[in-house]
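To start, the structure under review is shown below, and the notes come after it.
What follows is calculated from the coordinates using simple rules that are stated; it is not laboratory data. Treat the numbers as computed from the prediction; the structure is a model and nothing was measured. Cβ: placed from backbone, ideal geometry, glycine included. Neighbour counts: every protein chain shown.
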Amino acid sequence: MVSLVVPGISLTIARSSFNNVFSKVDFPAYGATDQDTYGTNLLEVMQFIFNHTTFDSSNELDQALLAAYKPLGVEPGKTFDPATDHIVIVSPDGPESDTTGGLLNGSKTPEPLVMRVGQAHRLRLINIHGDYRVLFTLESSGGLVEWRQLAKDGAAVATGLAGPQPARLLTGPGETADFELRPDSVGDLILNVGAPFAERPWKLALPIRVIPDSAP
């Protein structure tokens with residue numbers, strides 16, 4: 001059974017000074033409902049849970065949970081920084097029988113990502129669209145930029161495959177890939193995501209704003 005590791009406290013302390021006991025714990029933001037959390041920062045929340053949970057190596061359910069989240073980059077002991085770790089999830093826009101397109105982070109018009117020039121940012125691209133192969137391209141006004149692949153389905157790529165490469169990735173259903181992007185100038189980028197081989201091709205865009213490193 002999965003068990004949360006929490007400080008040992010009495011009921012009296014818990015009732016009278018609950019906030020003081022947990023004041024030093026840096027909880028991640030989460031939605032008012034499960035749907036809010038799943039649609040925004042599920043992986044950040046799950047990383048926090050994994051880092052404060054004891055898993056039994058002999059428990060099948062514990063190990064199945066660890067195996068399910070490992071391809072998404074969530075493992076005990078890791079950290080998640082929403083300022084530099086960016087999640088992009090491609091999903092269907094409706095029930096399978098009615099699907100004609102996709103969603104990016106749950107929306108046809110997703111909120112822009114913000115990156116700082118010169119900083120290393122991690123892009124985790126997740127395709128959970130069950131119908132189509134999905135193409136990702138990351139572009140500036142001058143065409144494709146370059147990124148460096150870090151992982152495939154949760155496993156680090158070999159050193160020889162981790163060099164700079166044009167920012168283009170074709171994925172199948174259930175695939176995940178991580179890339180490092182270090183913007184070298186202030187401006188706007190676009191992450192284009194689409195299904196060019198679908199019977200009715202579709203395409204969505206995720207804006208990326210690159211701001212000065214010194215910006216508030």
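Net length available on complete extension from Ser185 to Val157 is 7.4 nm, with 0.36 nm assigned per residue and the Cα-Cα distance removed.
The separation of the stretch 150-185 from the stretch 81-134, counted between C-alpha centres, amounts to 15 Å.
Starting from the stretch 159-216, pick out the GluC sites (Glu not before Pro) whose DSSP state is loop and whose Cβ has at most 15 other Cβ atoms within 10 Å.
On the way: sites: Glu175, Glu180, Glu199; in loops: Glu175, Glu199.
Qualifying residues, ordered by number: Glu199.
Measuring r between the beta carbons of Thr100 and Glu146 and using R0 = 30 Å, the FRET efficiency lands at 0.35. For the stretch 103-130, the residues whose backbone nitrogen is under 14 Å from a point 7 Å from the Cα of Ala215, taken along Cα to Cβ, are 112-119. Simple rule: put +1 on each Lys or Arg Cβ and -1 on each Asp or Glu Cβ in the stretch 150-202, find the dipole, and look at Gly172, Leu191, Ala158; the Cα lying farthest toward the positive end is Gly172. Taking 0.36 nm per residue of separation and subtracting the current Cα-Cα distance, fully stretching the chain between Lys108 and Ile49 would add 18.3 nm. Per-residue extension of 0.36 nm, minus the Cα-Cα distance of Glu199 and Arg168, leaves a gain of 9.0 nm for this segment. Scanning residues 5 or more positions from Gly106 or on other chains, those with amide H under 5 Å from its amide H are Ser91, with H placed 1.01 Å from N in the peptide plane. Working ranking of peptides 123-134, 185-196, 57-68 by packing, defined as the average number of other Cβ atoms within 10 Å per residue, highest first, is 123-134, 185-196, 57-68.
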